[in-house]
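Working notes, beginning with the structure itself.
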Amino acid sequence: MTLAQPESVRVGVLGARGRMGLEVCKAVDAAPGLELVARIDAGDPLSSAAEAGARVLVDFTNPGVVMDNLRWAVGQGIHVVVGTSGFTQERLDEVRALLAESPGTGVVIAPNFGIGAVLMMQFAARAARYFDSVEIIEQHHPRKLDAPSGTAMHTARLIADARKAADCPPMPDATEEDFGGARGASVDGVHIHAVRAAGLVAHQEVLFGTAGETLTIRHDSLDRSSFMPGVILAVREVVKRPGLTLGLDDLLA
Ligand SMILES: NC(=O)C1=CN([C@@H]2O[C@H](COP(=O)(O)OP(=O)(O)OC[C@H]3O[C@@H](n4cnc5c(N)ncnc54)[C@H](OP(=O)(O)O)[C@@H]3O)[C@@H](O)[C@H]2O)C=CC1
Ligand SMILES: O=C(O)C1=N[C@H](C(=O)O)C[C@H](O)C1
């Protein structure tokens, strides 16, 4: 008697020739139970993913095209794992509205698939209420298109929410003159400083300060392989989770 094998999950990668896309194709190819059926990059028709029978698409493209990809995929009932940055509240609301029209379809959007980065964000949210000041310094390779990074923006929002919930007063800051953005970008009241330099991959520090002490929480992605366990976990989970899942926190719980 032969036992029926569970069918493998057919996966397509959008942005397949990019820095992340190349790594994701390798990781999907090597993952038991997943089958890489489509590698799609700029200029390739999205319809080739449907023709290849992709059940899940992984998107590592760029903030300018990711919403079109999502509109198409969710319209087809194809689950999507999104790593691409650039997700504002308005964009997330649009994704929720798209999903409401396509019950049963799942989308996971994670600002960062690195386990250490997920923990860094959780720890930062936990610490936020206990310090007078907090600023974020993110550092990336110079070919990154967006600044601040999606991870830094998400961290800032988590910190702002935690401080609001704890009724924290505004952070002390006497700056009156700021020549050309020296204080960085303010996201929900949290300052983010974006560094771009050759040799870097993806790094972030969250610097807390209060009377007589500081706390620095730092995460470094030294290689893009750091993101792969999180991406593969999301591909396996998205087929079981209709609707929008934001971040990896629920998947790791
Ligand atoms: N969530 C996470 O953990 C991580 C997220 N990221 C994010 O992922 C995104 C990609 O990063 P990275 O791989 O470094 O970027 P790359 O520029 O190396 O790769 C993006 C790829 O997408 C291609 N592309 C552009 N338009 C389309 C389209 N319409 N359909 C399919 N492919 C398209 C690009 O082609 P072309 O160059 O010709 O335009 C390029 O090959 C960024 O937003 C980055 O911030 C990155 C690392 C980790
Ligand atoms: O472009 C990158 O490289 C990265 N992008 C993501 C972001 O914008 O936060 C995740 C990670 O920082 C790497």
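The values are calculated or read from the model by the stated rules, or taken from the named source; none is laboratory data. Note that the coordinates shown come from a computational prediction; the quantities given were computed from them, not determined experimentally. Virtual Cβ from ideal backbone geometry, glycine too; neighbours counted across all protein chains shown. Please note that ligands, DNA and RNA were not included when accessible areas were found on the heavy atoms of the full protein model with its side chains. Shrake-Rupley method; radii C 1.70, N 1.55, O 1.52, S 1.80 Å.
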Tally up the residues in the stretch 58-93 that are open to solvent by 30 Å² or more (accessible area, probe 1.4 Å) and closer than 17 Å to PRO242 by Cβ, please.
3
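To keep it simple, each residue is scored yes or no on (1) within 26 Å of THR84 (Cβ to Cβ); (2) without any contact (Cβ under 8 Å) to a residue 24 or more places away in the chain; (3) assigned to a loop (DSSP other than H, G, I, E, B).
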| position | (1), (2), (3) |
| --- | --- |
| ALA125 | yes, no, no |
| ILE136 | yes, no, no |
| ALA160 | yes, no, no |
| ASP167 | no, yes, yes |
| MET171 | no, no, yes |
Determine the pairs where a residue that is open to solvent by 60 Å² or more (accessible area, probe 1.4 Å), located within the stretch 44-57, has a partner that is of a type in the set (Val, Ile, Thr) and not in a loop (DSSP other than H, G, I, E, B) with Cβ atoms under 9 Å apart, the partner being 6 or more residues away or on another chain.
ARG55/VAL9; ARG55/VAL11; ARG55/VAL37
At positive phi and out of contact with any strand residue (DSSP E or B) (no Cβ under 6 Å at 6 or more places or on another chain): does that describe GLY43?
yes
If you check THR88 against the conditions, is it within 16 Å of ligand 2 (Cβ to nearest atom), more than 20 Å from GLY230 (Cβ to Cβ) and modelled with pLDDT under 95?
yes
List the residue pairs whose Cβ atoms are under 8 Å apart, where the first residue sits in the stretch 176-191 and is more than 17 Å from ASP146 (Cβ to Cβ) and free of Cβ contacts under 8 Å to residues at least 24 places away in the same chain, the second is in a strand (DSSP E or B) and not hydroxyl-bearing (Ser, Thr, Tyr), and the two are 6 or more positions apart or on different chains.
ARG183/HIS191
Among (1) among the small types (Gly, Ala, Ser); (2) open to solvent by less than 20 Å² (accessible area, probe 1.4 Å); (3) within 16 Å of ligand 1 (Cβ to nearest atom), which single condition is GLY116 missing?
(2)
Quick check: is even one residue across the stretch 245-252 loosely packed, with under 12 Cβ neighbours inside 10 Å and free of Cβ contacts under 8 Å to residues at least 12 places away in the same chain?
yes
Single residue of ARG19, ARG10, ARG55 found to be among the charged types (D, E, K, R) and within 16 Å of ligand 2 (Cβ to nearest atom):
ARG19
Going through the stretch 179-208 one residue at a time, which ones are open to solvent by 70 Å² or more (accessible area, probe 1.4 Å) and either more than 20 Å from PRO111 (Cβ to Cβ) or assigned to a loop (DSSP other than H, G, I, E, B) (or both)?
PHE179, GLY180, ALA182, ASP188, ALA198, GLY199
Failed condition for PRO45, given (1) away from ligand 2 (no atom under 16 Å from the Cβ); (2) part of a loop (DSSP other than H, G, I, E, B); (3) under 22 Å from the mean Cα position of the chain (by Cα), with all others met?
(3)
